[in-house]
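The values are calculated or read from the model by the stated rules, or taken from the named source; none is laboratory data. Computed from a predicted structure; not experimentally measured. Here the Cβ positions follow ideal geometry from the backbone for every residue, glycine too, while neighbour counts run over all protein chains shown. We work out accessible area using only protein heavy atoms, side chains counted, and drop any ligands, DNA or RNA first. Shrake-Rupley method; radii C 1.70, N 1.55, O 1.52, S 1.80 Å.
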Amino acid sequence: MLIETELTPLLRTDFHDDAAWQAARAAVAAPVGGGLVRADTEAVDDRRLAGLTSEQIVASIAPDAPYAVVVVADRWTMAEADMPLLVIALRDGAELRCVPEALWALLTDTGVRGMGLAEFLDDVGPDGLFRGTGGPRGLERRLAVLAELRGAAAAHQGAPHRPEIPGLSTATTAPGRPASPAFRAVPSAPAQPLRPPTTD
């Protein structure tokens, strides 16, 4: 099976609980920071992915994929209240567990900014989960900066120069992989409803 998506794939590898899968999808897609940003992923619901190892998952990704990591919703994701997602780097196979509300930041840094996933291992908390660089407070500070920049941009609409918002550059990602949007600045319109998962 070859996985080809335009956005970072959110792969389902556990099929015991459809409601838990839908909850995980909703958590990943939900805007954070008061509706400021959200992670851009593409859900892949295919029973051929059931029980695959990390190595098998990486091997199933197209070699020219425009993203640096894949996100996996496995049995641990479905069973825990925090819904810890498994994030795997395509370049070196590094892994960490990330809560859904911090995923946008991780995708931005590994994709747009080209940072290695292993660089974030020191920010994994004692519970084994990544909740943002510097922990939850670090994530809050980053969101506050984004909010300030967004407000400044809104105040200067029509100006020839707009302030750059971290993560919205056109830089390349890992060598050999073109950059793709890792997170989306959420407009005032509500998020699009989730598409129902496909079944085989």
For segment 1-28, which positions are among the polar types (S, T, N, Q), at pLDDT 95 or above and in a loop (DSSP other than H, G, I, E, B)? Thr13
Only one of these conditions is not met by Val71: (1) in contact with a Lys or Arg (Cβ under 6 Å, 6 or more places away or on another chain); (2) in contact (Cβ under 8 Å) with a residue 40 or more places away in the chain. Which number is it? (1)
So, Asp127, is that one open to solvent by less than 50 Å² (accessible area, probe 1.4 Å), at pLDDT 75 or above and not aliphatic (A, V, I, L, M) or not? no
Please work out which residue is modelled with the highest pLDDT, limiting yourself to segment 143-173 and to residues that are assigned to a loop (DSSP other than H, G, I, E, B) and exposed (fewer than 11 other Cβ atoms within 10 Å of the Cβ). Gln157
Segment 54-81, residues that are open to solvent by 70 Å² or more (accessible area, probe 1.4 Å), at pLDDT 95 or above and of a type in the set (D, E, K, R): Glu55, Arg75, Glu80
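The rows are residues; the columns are (1) in contact with a helix residue (DSSP H, G or I) (Cβ under 6 Å, 6 or more places away or on another chain); (2) open to solvent by 20 Å² or more (accessible area, probe 1.4 Å); (3) under 21 Å from Gly33 (Cα atoms); (4) in contact (Cβ under 8 Å) with a residue 60 or more places away in the chain.
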residue	(1), (2), (3), (4)
Leu106	no, no, yes, no
Gly111	no, no, yes, yes
Leu117	yes, no, no, no
Asp123	no, yes, yes, no
Gly134	no, yes, yes, no
Gly138	no, no, yes, no
Arg141	no, yes, yes, no
Every residue from segment 32-46 that is farther than 11 Å from Leu103 by Cα and open to solvent by 30 Å² or more (accessible area, probe 1.4 Å): Gly33, Gly34, Glu42, Ala43
